[in-house]
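Participant: Below: one structure in structure tokens.
The values are calculated or read from the model by the stated rules, or taken from the named source; none is laboratory data. Since the model is a prediction, treat every value here as computed from it, not as a measurement. Neighbour counts are summed over all protein chains in view; Cβ atoms, including those assigned to glycine, are modelled from backbone coordinates with ideal geometry. The accessibility values were calculated without ligands, DNA or RNA, using every heavy atom of the protein model including side chains. Shrake-Rupley method; radii C 1.70, N 1.55, O 1.52, S 1.80 Å.
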Amino acid sequence: MATATRPLVTVVVGSTRPIRVGDQITQALAPVIAEEADARVEVVDLRDLDLPLLDEPRMPALGDYAHDHTKDWARTIEASDAVVIVSPQYNGGYPAGLKNAIDFLYAEWKERPVLIVTYGGHGGGMSGAQLRHVLEFIGAAVLPENVEITLKPEFYDADWRLVDAQAAVAEALPALREAAGLLGERAREDERVSA
Ligand SMILES: Cc1cc2nc3c(=O)[nH]c(=O)nc-3n(C[C@H](O)[C@H](O)[C@H](O)COP(=O)(O)O)c2cc1C
């Protein structure tokens, strides 16, 4: 039985570049997700996670993980009542590091409620479509609508960071609020809500 406590939503920063905006976007979105989903939110940055290229000797579908970095990552997703993946668009797709992180696990994604948030010059829709394909294939319960954030050139400063992340995400907030509300409902329906 689900308890009356607030679910845990893990928000994954999908970009790992040394100079990037994914961290800024995620920090701007996290409080909105927490409020609308009525959830505890924890941000997991793939750059900090620092996973190597998939180095598990056995297929992740067997769940027989050899490495501590895999077990830690598996525990993070397993403990999440829902996940938000915040991904840029790179060359019409999503980052290789994000695919690598997804592929490390298997059962942990099954029926996990997932919201896809993408960004790019045109909202990152192609990245989102690819992410949806893979996450649905692996059995995640992906929300029906992705949230897209369009980054205009003037949002960037001379160092390729966002001048004002709040302003950059502002147009996407109504869609994010709606999606986060639904994600919270899905997370609470989840019998895994425990803490
Ligand atoms: C390798 C690479 C490929 C990119 N391809 C696209 C693209 O296909 N469409 C797009 O709108 N922007 C593209 N961009 C621009 C990114 O949307 C922009 O750099 C964004 O800040 C990347 O997110 P990040 O800074 O969090 O890594 C690309 C950027 C990089 C680094």
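Participant: Given the options 180, 158, 170, name the one that is of a type outside the set (Phe, Trp, Tyr) and either closer than 18 Å to residue 87 by Cβ or surrounded by 16 or more Cβ atoms within 10 Å (Cβ to Cβ) (or both).
Facilitator: Sole residue among the options that is of a type outside the set (Phe, Trp, Tyr) and either closer than 18 Å to residue 87 by Cβ or surrounded by 16 or more Cβ atoms within 10 Å (Cβ to Cβ) (or both): 180.
Participant: Of the conditions (1) part of a helix (DSSP H, G or I); (2) more than 19 Å from residue 47 (Cα to Cα); (3) of a type in the set (D, E, K, R), residue 99 clears all except one; give me its number.
Facilitator: Status for residue 99: all satisfied but (2).
Participant: Could you check residue 66 against (1) in contact (Cβ under 8 Å) with a residue 60 or more places away in the chain; (2) in contact with a Pro (Cβ under 6 Å, 6 or more places away or on another chain) and say which number it fails?
Facilitator: Unmet condition: (1).
Participant: Among what's in the stretch 112-127 and is more than 17 Å from residue 153 (Cα to Cα) and open to solvent by less than 10 Å² (accessible area, probe 1.4 Å), pick the residue that is nearest to the ligand (Cβ to nearest atom).
Facilitator: By that ranking, first place goes to 127.
Participant: Quick one: count up the residues across the stretch 1-50 that are more than 10 Å from the ligand (Cβ to nearest atom) and closer than 14 Å to residue 165 by Cα.
Facilitator: Matching residues across the stretch 1-50 total 6.
Participant: Just name the residue that is farthest from the chain's Cα centre (by Cα) out of those in the stretch 67-94 that are open to solvent by 10 Å² or more (accessible area, probe 1.4 Å) and among the polar types (S, T, N, Q).
Facilitator: This residue is 91.
Participant: Looking only at the stretch 95-106, count how many residues are buried (at least 19 other Cβ atoms within 10 Å of the Cβ) and more than 16 Å from the ligand (Cβ to nearest atom).
Facilitator: Total satisfying the criteria: 3.
Participant: Right, next: So which residues in the stretch 130-165 are within 12 Å of the ligand (Cβ to nearest atom) and not in a loop (DSSP other than H, G, I, E, B)?
Facilitator: Of everything in the stretch 130-165, those that are within 12 Å of the ligand (Cβ to nearest atom) and not in a loop (DSSP other than H, G, I, E, B) turn out to be 130, 148, 149, 150, 153, 155, 156, 162, 165.
Participant: From (1) open to solvent by less than 10 Å² (accessible area, probe 1.4 Å); (2) touching a residue at least 40 places away in the same chain (Cβ under 8 Å); (3) of a type in the set (Phe, Trp, Tyr), pick out the condition that doesn't hold for residue 109.
Facilitator: (2)
Participant: Out of (1) open to solvent by less than 10 Å² (accessible area, probe 1.4 Å); (2) modelled with pLDDT under 95, what's the single condition that is false for residue 3?
Facilitator: (1)
Participant: On to the next question. When you go through 29, 49 one by one, which is the residue that is touching a Phe, Trp or Tyr at 6+ places or on another chain (Cβ under 7 Å) and within 28 Å of residue 145 (Cβ to Cβ)?
Facilitator: Result of the check over 29, 49: 49.
Participant: Can you tell me which residues in the stretch 51-63 are free of Cβ contacts under 8 Å to residues at least 24 places away in the same chain and either within 16 Å of the ligand (Cβ to nearest atom) or open to solvent by less than 80 Å² (accessible area, probe 1.4 Å) (or both)?
Facilitator: 52, 55
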